[in-house]
Amino acid sequence: MDQPIRLVIVTGMSGAGKTQALKFLEDLGFFCVDNLPPSLLPKLVELFGHSDGKVNRLALGLDIRGGRFFSEIVDALRETARIGVAYQILFMDASDEVLVRRYKESRRRHPLAQQGRLLEAIRKERKVLQELRGLASRIIDTTSLKPSDLRRELQEAFGQEGEAPAFHVNVVSFGFKHGAVLDADLLFDVRFLPNPHYVADLRPLTGEDEAVQEYVMKWAPTQEFFQRLTDLIGFLLPQYVAEGKSQLTIAIGCTGGQHRSVCLARKLADWIRDRGYSVSVEHRDVVHGGEARDSGEVRDAGDGAQDGEQP
């Protein structure tokens with residue numbers, strides 16, 4: 001092996017949260033593969049071991065869905081150890097009562113419930129997994145865990161020392177006349193602010209230009225809005241982190257998405273970055289020199305008002 005790999009085998013009871021655990025491990029930087037046939041485990045580990053360090057954390061989901069292949073898992077683990085790769089087994093569990101309720105709510109069929117009752121399938125699975133449970137390095141019972149609690153446990157168990165949970169903020173500026181940002185978690189409308197579109201020298205510029213920023217930010221309503229906005233965002237960000245959210249999209253919109261929203265999105269992104277958060281900024285509707293926003297569409301290059309709209 002050219003590069004040591006941290007390998008986590010995620011297994012356990014169906015419905016106990018294995019898929020959610022893999023998603024959280026992916027947020028922690030693990031390369032995740034779900035429902036892998038056990039016989040491929042040693043080969044996959046060996047392959048990633050020769051990846052020149054591109055993959056050094058690997059999480060593999062192995063469970064009863066593998067059908068007849070699942071019986072090969074113990075042999076596959078022995079072979080993995082034989083080639084010199086240490087591994088940890090994360091076993092996800094929950095009470096029979098909770099597993100039954102989750103399957104009823106999801107209306108999915110248990111892998112072992114072909115003709116028999118659900119509870120019988122769960123008990124059969126628990127018996128099949130008994131040996132693997134005994135080999136587990138860590139057992140997490142999700143009977144009463146919230147997703148944020150599960151994320152926190154995984155961070156403590158498998159996150160690198162000193163590594164903060166992954167959390168990223170996307171700040172997007174846009175123009176309402178082109179449609180709102182559909183995936184926004186928080187959306188703010190700044191069309192009430194003075195509009196640079198009506199200043200001839202500023203009209204062809206964007207909120208990225210210093211002259212536009214000075215114009216937008218010089219007004220008392222803008223300054224008060226930005227102060228209230230950062231107070232709110234400053235309160236919300238640690239709450240989202242504590243709840244286990246991995247990313248947040250904040251959208252700021254004006255009429256055309258050229259001036260006011262761009263300026264404030266940039267200012268907000270800088271403010272968030274200064275407080276130690278990972279942040280990116282996107283100006284969805286900015287155009288330069290009257291370029292078309294989409295193929296075949298010609299649009300006003302300014303943050304122009306719609307018919308009948310006041311500045």
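Observations
- Annotation note: Cβ proximity below 6 Å between a residue of the range 225-251 that is more than 20 Å from Leu22 (Cα to Cα) and a residue that is loosely packed, with under 12 Cβ neighbours inside 10 Å and modelled with pLDDT under 95 (sequence gap 6+ or interchain) occurs for Thr249/Asp183.
- When Val241, Val216, Val262 are checked against the criterion of being touching a Leu at 6+ places or on another chain (Cβ under 8 Å), outside any loop (DSSP other than H, G, I, E, B) and β-branched (Val, Ile, Thr), Val216 stands alone in meeting it.
- Qualifying residue in the range 234-247 (condition: open to solvent by 40 Å² or more (accessible area, probe 1.4 Å), modelled with pLDDT of 95 or more and under 29 Å from the mean Cα position of the chain (by Cα)): yes
- Of Leu99, Leu60, Leu90, all but one fail to be surrounded by 15 or more Cβ atoms within 10 Å (Cβ to Cβ), modelled with pLDDT of 90 or more and part of a helix (DSSP H, G or I); the exception is Leu99.
- Filtered residues of the range 102-113 (kept if buried (at least 18 other Cβ atoms within 10 Å of the Cβ) and among the polar types (S, T, N, Q)): none
- Residues in the range 189-213 that are closer than 22 Å to Arg284 by Cβ, open to solvent by 40 Å² or more (accessible area, probe 1.4 Å) and outside any helix (DSSP H, G or I): Asp189, Arg191, Phe192, Arg203, Pro204, Leu205, Glu208, Asp209.
Each row is one residue, and each column tells you yes or no for (1) out of contact with any strand residue (DSSP E or B) (no Cβ under 9 Å at 6 or more places or on another chain); (2) closer than 30 Å to Arg152 by Cβ.
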{"site": "Gln227", "(1), (2)": "yes, no"}
{"site": "Leu232", "(1), (2)": "no, yes"}
{"site": "Gln239", "(1), (2)": "yes, yes"}
{"site": "Gly256", "(1), (2)": "no, no"}
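The values are calculated or read from the model by the stated rules, or taken from the named source; none is laboratory data. Note that the structure is predicted; figures quoted are calculated from it, not measured. As a convention, Cβ positions derive from the backbone with ideal geometry for all residues, glycine included, and neighbour counts pool all protein chains shown. Keep in mind that these areas ignore ligands, DNA and RNA; they rest on the heavy atoms of the full protein, side chains included. Shrake-Rupley method; radii C 1.70, N 1.55, O 1.52, S 1.80 Å.
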